[in-house]
Amino acid sequence: MSATVVGQSSAKPSEPKNYLNADHTLKSWLLSVDHKRIGVMYLIAVTFFFFIGSIAAAMIRYELTSPKGILLSSEVYNKTFSAHGILMVFQFLVVVVPAVLGNFLIPIMIGARDMAYPRLNLLSLYMFITGGFLILASFVLGGVDAGWTFYVPLSTISETQISLCLVGIFITGFSSIFTAVNFIGTIHKMRAPGMTWYRLPLFIWSHYATAIVVILGTPVVAITLFLVVVERGFGFGIFSPELGGDPVLFQHLFWFYSHPAVYIMILPAFGIISEIISCFSRRPIFGYRFVAYSSLSIAFLGFLVWGHHMFLSSQSVLQGIIFSLISFILAVPSAVKVFNWTLTMVKGSVHFSTPMLYALGFMGLFVIGGLTGLYLASVDTDVHLTGTYFIVAHFHYVMVGGTILAYLGGIHFWWPKMFGRTYSEFWGRLSAMIIFIGFNLTFFPQFMVGYLGMPRRYHYYYFAPEWQFYHLLSTAGSTVLGFGFLLPALYLTYSLFKGKKAGPNPWNAKGLEWEYTSSPPITENFTQPILVTDSVYDYNPAEDSKMYEVDEEATVEDMNK
Amino acid sequence: MSHSHTKETDGPEVYFQYEDIEQQQETYLVGMWSFLVTEVMFFGALFLIYTLYRWKFHDDFYLVHEQLNWKMGGLNTLILLTSSFTVALAVHFAQKGNTKLQMRCLFATILCAFGFLAVKTFEYGAKIDHHLLPNHHFQYGHVEGEEEHHVESKWDKMLPSVLQVEKKEQHGNPQRARLFFSIYFTMTGLHGLHVIIGIICFTALMILIKIKSSLITDYVPTEMVGLYWHFVDLVWIFLYPLYYLIPK
């Protein structure tokens with residue numbers, strides 16, 4: 001990106017100050033309104049919730065290694081998969097990319113000193129943590145057995161800790177709404193002079209689309225889940241069939257949010273992938289405007305397809321056909337993105353660094369996840385596949401294979417910027433490959449066993465012991481996957497203390513965050529006001545390929561020494 | 001974070017993340033409007049539920065709605081419309097820099113808000129005494145073996161007769177009545193909660209103005225609370241006809 005620094009440059013301070021060493025007290029962290037510190041605190045919080053959710057996943061996988069179940073009773077199994085779903089969806093996937101990378105990067109990428117509303121940002125962090133701990137408290141005090149979807153009437157009559165859990169989710173929901181309001185205010189009003197909409201990095205576009213989905217969708221699920229609390233707490237009967245209320249209406253309202261919610265999870269991931277692919281192919285993104293608009297059209301169309309979760313409910317055949325048709329149309333903008341990323345690499349100077357390996361892994365898994373989604377979007381195949389492990393495999397391909405791989409790619413890409421240290425490239429590439437292999441081993445067998453009819457949410461399958469083979473493969477894969485997830489946690493933490501100092505721009509990437517800030521950035525992000533004069537992705541593959549030659553020569557020399 | 005980035009002037013203070021006061025004010029308003037969009041969606045789901053049920057059970061809803069006194073609802077509508085007017089005046093005086101009149105208008109708004117809650121208390125109190133709170137004690141219509149289902153309410157007695165809930169016979173299906181009151185209490189309850197939040201916001205705003213807090217640098221905070229209050233008012237403008245004035 002071309003931008004110029006306006007005004008006189010001040011003399012360099014002898015000891016480089018940055019947002020990490022600006023102040024060392026605990027209070028300066030806990031009450032910080034600096035978007036970078038808040039991003040780092042989110043990083044710690046979501047990692048914690050991910051860890052707990054993973055333990056639940058491990059218990060599920062262990063249980064399913066035997067056709068008769070091993071460890072858990074039916075009730076405990078219900079509570080385990082509910083805990084896994086609730087934590088992973090509400091406390092991890094929905095927030096992970098926007099809250100960690102979005103918070104850290106959006107102001108820097110657009111040339112602002114901070115978010116539009118820094119105090120609101122801090123409030124969302126604490127609401128997120130409060131919500132998370134209420135959810136955890138509900139698990140400790142007896143668990144929740146209605147799944148993450150909380151379908152009525154089960155959720156209104158179940159005698160578990162559903163009310164407390166729903167209050168937690170409600171608070172977390174408002175935390176994401178406040179984050180989204182912050183993003184909208186920031187992206188609309190805080191851009192540096194010259195940072196026009198079409199000069200914005202695609203990371204910003206996808207976060208903008210996400211924020212719109214959040215402010216339109218999240219309040220609907222918040223009120224819907226609140227109504228369940230009201231029914232449980234006050235004995236009202238809004239969805240109660242005895243009174244003439246309609247339980248399917250709950251499903252409609254729930255999926256009105258929860259289908260767009262999958263775009264809340266995946267759109268920010270798309271933004272990361274656009275940045276990484278473009279940087280490590282040394283080419284401007286192919287069809288910038290198409291990629292930007294595809295984010296917006298996914299956000300828009302995402303609100304019109306919720307009925308494809310309900311083909312087997314009481315909705316009419318006509319409704320089913322319409323929802324099915326729009327779901328197919330929705331595949332188009334997603335495909336536009338994948339084709340454009342692929343075309344970005346064509347004639348580029350592709351370099352397989354760790355973030356790029358994660359991004360390529362994302363593309364493979366997302367394509368599988370997306371295409372299997374079409375089987376579920378068409379009414380007649382869905383009738384056979386719904387409620388089976390085929391669905392479980394499908395959304396794990398999109399959510400884990402998509403969002404988490406992109407998130408890890410983004411974390412590896414911006415880690416030197418966030419903490420000023422580089423990690424071991426060897427371990428990074430190894431972890432990307434282990435995760436890719438472990439992931440496919442875990443979830444591909446689930447497509448097959450789901451196609452054969454294994455129902456989801458069952459903790460046994462003694463009626464079809466031949467499925468054990470697939471479950472064993474899946475559990476073995478999940479062990480590899482778990483190990484793969486542990487690796488980055490270890491070597492990234494290690495790099496904080498022992499990693500080599502990263503320069504301001506270790507990847508020679510483009511963008512304000514790389515070219516005009518130090519690593520780690522200072523509290524005000526930029527030393528001088530910024531004036532943007534050209535587009536974001538001015539990579540040049542022919543010239544930039546020489547850069548790698550120099551790199552590799554240096555590596556060879558290092559090794560010879 | 002409250003140190004000023006731009007050079008010191010006599011104008012309002014600019015937070016460090018903004019370039020100038022225009023940017024700060026516009027950004028505040030963008031945020032507030034975005035938040036109001038979420039509020040619209042928040043209540044929108046409830047209005048959808050209401051619409052579907054009324055469409056499905058129109059006759060029962062008509063019969064049950066006679067248990068609500070449209071004069072009480074009308075009184076509250078009047079109170080809230082007045083409060084919207086006083087808020088608009090408060091913003092006007094804030095822009096003019098007339099703090100004294102601004103404070104008076106804000107105070108009048110808070111009074112109106114309390115007036116609204118008082119009316120609502122009488123309504124809710126009478127409903128609860130009449131066993132119309134839709135929980136497990138809910139009772140509606142003619143009960144077998146009883147001459148007349150009729151309970152006195154201390155709340156009703158305190159009111160002039162015109163504002164009392166008329167002791168009409170309870171017609172319509174009791175289950176639908178419970179459904180009706182479930183969404184009635186949920187929607188008006190949530191709206192009442194918004195009124196309480198409004199009172200808290202106005203009180204905080206008045207205190208901050210009174211102590212000349214650095215948080216209040218210009219009229220924009222007043223305008224933002226005002227926007228919120230107009231929204232609360234608007235929700236009631238929809239609630240009133242939908243619940244109190246159902247046509248036959």
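Structural remarks
- When we screen B:Glu144, B:Glu123 for residues that are among the acidic types (Asp, Glu) and modelled with pLDDT of 90 or more, the only hit is B:Glu123.
- Top-ranked residue in the range A:523-547 [being touching a helix residue (DSSP H, G or I) at 6+ places or on another chain (Cβ under 8 Å) and outside any loop (DSSP other than H, G, I, E, B); ranked as farthest from the other protein chains (Cβ to nearest Cβ)]: A:Pro541
- The condition of being at pLDDT below 90, surrounded by fewer than 21 Cβ atoms within 10 Å (Cβ to Cβ) and within 23 Å of B:Leu190 (Cβ to Cβ) holds for only one of A:Gly244, A:Gly233, that being A:Gly244.
- Only listed residue being surrounded by 16 or more Cβ atoms within 10 Å (Cβ to Cβ), in contact with a Lys or Arg (Cβ under 8 Å, 6 or more places away or on another chain) and assigned to a helix (DSSP H, G or I), chosen from B:Val64, B:Val91: B:Val64
- Residues being closer than 30 Å to A:Gly287 by Cα and within 28 Å of the chain's Cα centre (by Cα) - total across the range A:186-232: 30
- Applying the criterion of being within 32 Å of the chain's Cα centre (by Cα) and under 22 Å from A:Ile135 (Cα atoms) to the residues of the range A:233-258, the residue that is nearest to the other protein chains (Cβ to nearest Cβ) is A:Leu253.
- Residues of the range B:154-193 that are within 9 Å of chain A (Cβ to nearest Cβ), more than 25 Å from the chain's Cα centre (by Cα) and polar (S, T, N, Q): B:Asn173, B:Gln175.
- When A:Ser478 is tested against (1) more than 30 Å from A:Val46 (Cβ to Cβ); (2) polar (S, T, N, Q); (3) under 21 Å from the mean Cα position of the chain (by Cα), just one condition goes unmet, and that condition is (1).
- Filtered by the rule that a residue be without any contact (Cβ under 8 Å) to a residue 60 or more places away in the chain, assigned to a loop (DSSP other than H, G, I, E, B) and at the interface with chain A (Cβ under 10 Å from one of its Cβ atoms), the range B:20-61 gives no residues.
- Of all the criteria given as (1) touching a Phe, Trp or Tyr at 6+ places or on another chain (Cβ under 6 Å); (2) at pLDDT 95 or above, the one not satisfied by A:Pro268 is (1).
- Among (1) over 24 Å from B:Tyr244 (Cβ atoms); (2) part of a loop (DSSP other than H, G, I, E, B) - the single one B:Leu132 does not satisfy: (1)
- Lone qualifier among B:Ile196, B:Ile183, B:Ile216 - being in a helix (DSSP H, G or I), more than 30 Å from A:Gly244 (Cα to Cα) and not aromatic (Phe, Trp, Tyr): B:Ile196
- Candidate set: the range A:188-203, residues that are assigned to a loop (DSSP other than H, G, I, E, B) and within 17 Å of A:Ile272 (Cα to Cα); chosen: the one farthest from the other protein chains (Cβ to nearest Cβ): A:Pro201
The values are calculated or read from the model by the stated rules, or taken from the named source; none is laboratory data. Keep in mind the model is a prediction, meaning the values are calculated, not measured. Because the Cβ atoms are built from the backbone with ideal geometry, glycine has one as well, and the counts that use them run over all protein chains shown.
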